[in-house]
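What follows is one structure encoded as structure tokens, with my remarks underneath.
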Amino acid sequence: MITYGTNPGMGMPIDGRVPDPTGVPDAAHRQALDKALRYMDLRPGEPLLGKRVDVVFLGSCTNSRISDLRQAARVLRGHHVADGVRMLVVPGSQEVKRQAEAEGLDAVFRDAGRSGARRAARCASR
């Protein structure tokens, strides 16, 4: 999944297309989507695949269980985020944060974001 907007609810599969606000029946949701697309500089109907990524956000509440962090660390171990990409890792709770640190997952995330002045990875507390 990838987000095209400013909140986790504005997400879709990586091969999806940006939704069109004119097709949203609820006025408040339509306005929020329109505002998000302007902020993100996206156009309705365009694909996200192939767009430049500048921030990768891993986390947030139920989307950041210890099992999620373990899986992400397995993928990242021995790799680095691309130049110009910032990675933010936010555990879903203090308990998950402590467990991730006890397992050394925070070090994997830091190492993945470390190899460049413009790269950053951090494990933030909630």
Virtual spin-label span in nm between residue 17 and residue 35, 7 Å along Cα→Cβ
2.7
Semi-axes a, b, c in Å (a largest) for the chain, each sqrt of 5 times a Cα gyration tensor eigenvalue, come to 30, 17, 11
Return the carbon/sulfur percentage of the accessible area of the chain, one whole number, probe 1.4 Å, all protein chains in place.
51
In Å², what does the accessible area per residue of the chain work out to with a 1.4 Å probe?
64
For residue 93 and residue 3, extending 7 Å from Cα along the Cα-Cβ vector and measuring point to point gives, in nm, a value of 2.2
Principal axis extents for the range 1-51, Cα atoms only, whole Å, descending order, please.
30, 19, 18
Ranked by GNM mean-square fluctuation in the chain (Cα springs under 10 Å), the top entry among 11, 23, 84 is 23
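The values are calculated or read from the model by the stated rules, or taken from the named source; none is laboratory data. Computed from a prediction, not measured in an experiment: that's the story for all the values here. Every residue, glycine as well, gets a Cβ built from its backbone with ideal geometry; the counts of neighbours run over all protein chains shown. Each accessible area value is taken on the protein alone, full model and side chains, heavy atoms only, with ligands, DNA and RNA left out. Shrake-Rupley method; radii C 1.70, N 1.55, O 1.52, S 1.80 Å.
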